[in-house]
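Following: one structure in structure tokens, then a few remarks.
The values are calculated or read from the model by the stated rules, or taken from the named source; none is laboratory data. Because the structure is a prediction, the values reported are computed rather than measured. Cβ coordinates were reconstructed from backbone atoms using ideal geometry, including for glycine residues, and neighbour counts include every protein chain displayed. To get the accessible areas, we keep the full protein, side chains included, count just its heavy atoms, and leave off ligands, DNA and RNA. Shrake-Rupley method; radii C 1.70, N 1.55, O 1.52, S 1.80 Å.
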Amino acid sequence: MTVDPNITDPAESTSAAQETSAPDATGHRVGVAVVGLGGAVASTMVAGVELLRLGAVGSAGLPFADRTELTPYESLRFGGWDLDPADLAKAAQVHQVLEPAQLDLVAGHLETLTPWPAVADPRWCRNAGGANVVEISSLRERIARIRDDLQRFRTEQELDTVVVLNLASTEAVPPDTTFLADAAALERAIDADDPAVTPGVLYAYAAISETCPYVNFTPGAGAESPALQHLAEQHGVPIAGRDGKTGQTMLKTVLAPALRSRGLHVDGWYSTNLLGNRDGEILNDPDSMASKVNTKGSVLDSMLGYAVDDHIVRIDYYRPRGDAKESWDNIDLTGFLGGRMQLKLDFLCRDSVLAAPLVLELVRMVVEAHRRGESGAQEQLGYFFKSPVTRDSRPPEHGFARQEQTLNDWLDGR
């Protein structure tokens with residue numbers, strides 16, 4: 001892998017070919033700075049917005065397309081960081097999520113988007129690599145670099161609001177996260193160059209410091225911590241996370257409350273996933289896998305009201321599948337008179353096709369929260385996450401129907 005020879009300075013890594021941001025209906029200009037811009041989800045998201053702008057696709061898969069009071073998808077402008085310096089047209093070609101005809105339509109636009117050099121640390125994501133890396137040692141310098149990128153993006157694109165969206169590869173969770181206990185502890189850890197401070201935490205810290213709404217769609221540590229929540233409240237910034245709820249877990253949060261409602265006892269729930277894209281390759285690392293499985297496996301007991309001893313969650317990297325993910329569930333149940341039953345569910349889905357529209361909706365939601373003057377953890381956005389951020393570490397609501405109602409009530413001002 002080689003670095004693009006045309007990128008010699010971080011200021012030059014913001015593609016000069018990007019078109020100037022268009023305002024939404026209120027005259028507000030919104031940009032999205034993506035951590036992991038060259039990934040499958042991000043490239044699908046950016047391509048999707050361009051296809052919408054061209055009128056080449058409809059709104060299928062966008063659950064809040066009817067909410068026209070929110071920022072229009074077509075008015076969003078994108079930039080961001082990635083370990084791979086390839087432009088988004090090349091990235092999309094590699095990921096093979098778009099149909100060839102779709103890629104042909106948007107390739108010219110995607111070629112204008114080149115990722116900025118990323119802040120990275122291979123200790124926390126061993127299976128992710130690339131040459132497009134910020135070569136700076138101290139944590140304060142890394143934060144300053146991220147903030148510089150955000151300031152430049154805001155200025156060049158004439159943006160009123162910049163949302164920072166973390167779509168990076170899954171980081172391992174540090175064994176000791178006491179530095180995230182409060183804002184003062186985090187500041188001390190950054191000053192001391194504590195090796196436990198992950199890149200994901202640095203991006204969140206930099207975003208909040210620049211008063212950018214922040215969304216963590218990954219399982220990595222960040223927005224859920226007291227330190228970053230307090231910092232977000234101090235800066236008047238809304239934050240949301242963590243780990244997007246796209247396929248298997250979404251269905252689990254629909255089914256589990258229904259089974260409980262009918263008095264059916266769940267004796268065991270076996271969930272497995274076959275995934276062959278870059279995300280699956282990253283999860284081949286045991287530490288990254290542990291971070292992901294933790295968020296996928298944490299939702300069931302709270303919805304049922306009891307511990308399911310035989311709740312097993314597996315994710316297997318199987319390269320031939322690419323982005324065409326398969327999630328398979330076997331549920332063992334006990335009903336009236338001790339009758340034993342089983343439920344089996346096979347979801348043949350598209351990983352990035354499920355995730356990309358959800359992150360677009362999240363961007364629109366945190367922009368709206370920012371417009372309303374809200375800050376800190378946005379509990380109403382738990383609808384989108386496996387491990388929703390809550391204030392003061394309160395247990396989150398996981399049931400899908402209740403989450404949807406909470407979000408719609410917030411949108412309606414109730």
Would you mind checking which residues have amide H under 5 Å from LEU113's amide H? H placed 1.01 Å from N; only 5 or more apart, or other chain.
LEU88, ALA89
Please report the relative contact order for the range 312-414, taking Cα pairs under 8 Å with a sequence separation of at least 6, and give it as a percent rounded to a whole number.
16 percent
List the residues whose amide H sits under 5 Å from the amide H of GLY376, counting only those 5 or more places along or on another chain, with H placed 1.01 Å from N in the peptide plane.
GLU233, VAL237, ILE239
Debye intensity ratio I(q)/I(0), log10, the range 51-165, q values 0.10, 0.14, 0.15 Å⁻¹ (C-alpha model)
-0.41, -0.78, -0.89
Kirkwood radius from Cα pairs of the chain plugged into Stokes-Einstein at 4 °C, 1.567 mPa s, gives D in µm²/s equal to 60 µm²/s
Mean residue ellipticity (222 nm) of the chain, computed from DSSP H runs ≥ 4 via -39,500 (n - 2.57), nearest 500
-11000 deg cm²/dmol
Per-residue accessible area, 1.4 Å probe, largest first, puts SER393, SER225 in the order SER393, SER225
How big is the accessible area of ILE136 in square angstrom, nearest 10, if you roll a 1.4 angstrom probe over the protein chains?
40 Å²
When the solvent-accessible surface of protein heavy atoms is calculated with a 1.4 angstrom probe, in what order do HIS230, HIS109 fall, highest first?
HIS230, HIS109
In 5 Å bins starting at 0, how do the alpha-carbon pair distances of the range 101-167 split up by percent?
3, 12, 17, 21, 19, 15, 9, 3, 1, 0
Largest-first ranking of TYR317, TYR73 by accessible area, probe 1.4 Å, whole protein assembly kept, is TYR317, TYR73
What angle do you read, to the nearest 10 degrees and between 0 and 90, between the alpha-carbon axis of helix 248-261 and the longest principal axis of the chain?
30 degrees
Residues whose modelled amide H sits under 5 Å from the amide H of ALA65, counting only those 5 or more places away in sequence or on another chain, are none
Any idea of MET365's accessible area? Nearest 10 Å², probe 1.4 Å.
0 Å²
Net charge near ARG154: determine it from the other residues with C-beta under 12 Å of the C-beta of ARG154, scoring Lys and Arg +1 and Asp and Glu -1.
-2
With unit charges on the beta carbons (Lys and Arg positive, Asp and Glu negative) and the dipole taken about the Cα centre of the chain, which residue among PHE78, ILE146, ALA377 sits farthest to the positive side?
ALA377
Please give the residues of the range 52-76, grouped as numeric ranges, whose backbone N is less than 19 Å from a label point set 7 Å along the Cα-to-Cβ vector of ASN408.
60-70
With every protein chain in place, what's the accessible area of TYR318 (1.4 Å probe, Å², nearest 10)?
110 Å²
